[in-house]
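One structure below.
The values are calculated or read from the model by the stated rules, or taken from the named source; none is laboratory data. Given the structure is predicted, the values throughout are model-derived calculations rather than measurements. For neighbour counting, all protein chains shown are included, and Cβ atoms are generated from backbone atoms with ideal geometry for every residue, glycine included. In case anyone asks, the SASA skips ligands and DNA or RNA and just uses the protein heavy atoms, side chains included. Shrake-Rupley method; radii C 1.70, N 1.55, O 1.52, S 1.80 Å.
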Amino acid sequence: METSRALRSTLSLKLRLLPRKKLSRSRKENAVIFLFLAICSVFMALPLVYTIVTAFKPINELFLFPPRFFVSHPTLDNFIAMNQLTQNMWVPFSRYLFNSVFVAGVGTAFYIVIASMAAFALAKYKFPGHALYFQIIVWAILFRPEVTGIPQYIIISKLGMVNTYFAVILPVLAGSFGVFLMRQFIINAIPTEMIEAARMDGATEYRIFWAVVMPIVKPAWLTLLIFTFQQFWNTTGVQYIYNENLKMLPTILQQISSAGLARAGAGSAVALVLMIPPIVIFLISQSSVMQTMAHSGLK
Amino acid sequence: MKARLGKWFKFSLEDRRSWAGYVFILPWILGFLAFFARPLVQSFLFSIQDVKMADGGFTASFVGFDNYNYMLFKDPTFVRSLYTTAVDVLYEVPIITMFSLFIAVILNQKFRGRTFMRAVFFLPVIIASGVVIVLLKGQVFSNSFSTASNVYLFKMTGLQDLLREAGVSNGIVNYFTSTVNRIFSLTWKSGVQILLFLAGLQTISSSLYEASKMEGASGWDTFWKITLPMISPMIMLNIVYTLIDTFTEYGTENTGNTVMNAIYRTGFIDLLFGYSAAMAWIYFALIGAALALVYFIIGRKIFYAVD
């Protein structure tokens, strides 16, 4: 018993060590790949750097022509100006913040559950018409809000949901991209045998979804989480909400930037603040994606 | 009576499962019908009507396909902008898809600073959506007071100044920037796709790789024989996403997609709802045709690990 276990552990150790040696690349190759990544990433990061730099520029440097990239005398003036501007507003900053966080939190949670359930059904159940539903979903991704915008407003106002959070949340829940995304993941990540096995063990369909499917496709719904949060976070809500108390955070940015160049500095300070939550969400979800893959049943 | 009830209420295992399927999909279907299907039908009705704003609402009168007629045969710009957009999409989609797959495969390797690199490649998505980008384009980067080339200015001034400050000569800077412009628009449009590919790569069971390594497969073999087939549903997803994303790119007045701008302007600024809806429907028929083509060409090559 003891020896067999020892044998097995050395064997599995070998299995783990062997391929890694074989696959390890030469240093030169690694350097080339890393250089390529580094060049691309410079392109990616530049505008962000520019925003950050601009947020710290004093007023005389903001108006330099031609504009300069770097700031020579960094200052916090823009943030102070932002603070003053938001304090003078009729609705307190915290109210906008609450609206944004509430809508983004509730909306994202609901959409992930709804889209994943629908995707699971489409990927693993053979109910009448399941192929047709899939086709509908793919075609529905085509239509951007421009097409349905005005009729959608009419429906929302008929339902009496103008000036409520529902007006912002519900239309997004009807989106089909998330369903398509989740379906494409579930179809290959979860072997049908695994679901069969869970059924044999007496799990209900509901339980299979929560305890088998969702943990395995965690990378997928964490990705969807990033997209959906991003979508809600950028919502101003102005189409459906006229009550200033219920508007979302980006309205502040619009208000400040509508004042034109004079507030370019304060504007980029607000932009910088607005960018932080999506980046944090991204970092958190990406790091837990790694953890899931290390522990999931499939690895 | 009992027997009949039994006939109605006792389902076979198969039936119960398909019911479970329906229950799972139901919430989404409800939302879809209310907030997507109905507005969509309504927008089609608009497109065959002359919709005018009136006190407390709007009036509509049936005009048949007049809107479509006008657009295709009389509107001087619409058909041309359709054509240019289609050409752009045709060459952008394959490049973006391949580029993002390449980057995703690299980012899926183990190296130091991997999470940071991933974040960097996803940044454009975070920055380039919503009001933040509008602000950046409209306010911060229009310092030169030229509005026509806002986006390129936005993308390039930073780098140009950086190079000039570093003492590189003007000619080299210009040559460099024109090359870089292309890479810029490419990398900036690939954020979502890279992330989707990455997530897809991570759901591939590592036992497949281990088995193939045991058999002595090279990295090259592994990519073509395991990674590519296993990720092929993601490739499909990404092509569809990229296609629609490039076709329906948002932009300000002078940037982005001319057709989308025309649809938006006609509907929300000129308030010609009917004509705007007709434009949208023709445009989406075009995108639909492109999608159908994609399905026809690569749809059959997709590998699904189910029966």
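Report yes if some residue within segment B:216-229 is facing chain A (nearest Cβ under 7 Å), within 20 Å of residue B:97 (Cβ to Cβ) and either assigned to a loop (DSSP other than H, G, I, E, B) or open to solvent by less than 50 Å² (accessible area, probe 1.4 Å) (or both); otherwise report no.
No, because not a single residue in segment B:216-229 is facing chain A (nearest Cβ under 7 Å), within 20 Å of residue B:97 (Cβ to Cβ) and either assigned to a loop (DSSP other than H, G, I, E, B) or open to solvent by less than 50 Å² (accessible area, probe 1.4 Å) (or both).
Please work out if residue B:110 is away from chain A (no Cβ under 12 Å) and basic (Lys, Arg).
no
It is to be established whether one or more residues within segment A:263-272 are surrounded by fewer than 24 Cβ atoms within 10 Å (Cβ to Cβ), assigned to a helix (DSSP H, G or I) and within 26 Å of the chain's Cα centre (by Cα).
Yes; the residues of segment A:263-272 include at least one that is surrounded by fewer than 24 Cβ atoms within 10 Å (Cβ to Cβ), assigned to a helix (DSSP H, G or I) and within 26 Å of the chain's Cα centre (by Cα).
Taking the stated definitions as given, is residue A:91 closer than 30 Å to residue A:166 by Cα and touching an Asp or Glu at 6+ places or on another chain (Cβ under 6 Å)?
Yes; evaluated as a whole, the condition is true for this residue.
Considering each of A:181, A:142 in turn, give the residue that is touching a residue at least 60 places away in the same chain (Cβ under 8 Å) and not aromatic (Phe, Trp, Tyr).
A:181
Quick grid of which residues meet (1) within 10 Å of chain B (Cβ to nearest Cβ); (2) touching a residue at least 24 places away in the same chain (Cβ under 8 Å); (3) under 20 Å from residue A:121 (Cα atoms):
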residue: A:202; (1), (2), (3): no, no, yes
residue: A:206; (1), (2), (3): yes, no, yes
residue: A:211; (1), (2), (3): no, no, yes
residue: A:235; (1), (2), (3): yes, yes, no
residue: A:238; (1), (2), (3): no, no, no
residue: A:254; (1), (2), (3): yes, no, no
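Just one of the numbered conditions (1) modelled with pLDDT of 85 or more; (2) among the small types (Gly, Ala, Ser); (3) part of a loop (DSSP other than H, G, I, E, B) is not true of residue B:251; which one?
(1)
Can you tell me which of B:84, B:59 is more than 28 Å from residue A:175 (Cα to Cα) and in the same structural domain as residue B:247 (by TED's automatic domain parsing)?
Every option except B:84 fails the conditions.
Identify, by number, the condition in (1) more than 10 Å from chain B (Cβ to nearest Cβ); (2) modelled with pLDDT of 75 or more; (3) touching a helix residue (DSSP H, G or I) at 6+ places or on another chain (Cβ under 7 Å) that residue A:243 doesn't meet.
Failed condition: (3).
Hey, residue A:76 hits all of (1) touching a helix residue (DSSP H, G or I) at 6+ places or on another chain (Cβ under 8 Å); (2) more than 12 Å from chain B (Cβ to nearest Cβ); (3) modelled with pLDDT of 80 or more but one; which does it fall short on?
(1)
Restricting to segment A:257-290, name every residue that is more than 7 Å from every other protein chain (Cβ to nearest Cβ), modelled with pLDDT of 75 or more and in contact with a helix residue (DSSP H, G or I) (Cβ under 7 Å, 6 or more places away or on another chain).
Hits for segment A:257-290 are A:266, A:269, A:270, A:272, A:277, A:281, A:285.
Starting from residues that are aromatic (Phe, Trp, Tyr) and more than 15 Å from residue B:294 (Cα to Cα), keep the ones in segment B:85-109 and report whichever is most open to solvent (accessible area, probe 1.4 Å).
B:102
Going residue by residue through segment B:236-243, is there one that turns out to be more than 9 Å from chain A (Cβ to nearest Cβ), open to solvent by 40 Å² or more (accessible area, probe 1.4 Å) and part of a helix (DSSP H, G or I)?
No: segment B:236-243 contains no residue that is more than 9 Å from chain A (Cβ to nearest Cβ), open to solvent by 40 Å² or more (accessible area, probe 1.4 Å) and part of a helix (DSSP H, G or I).
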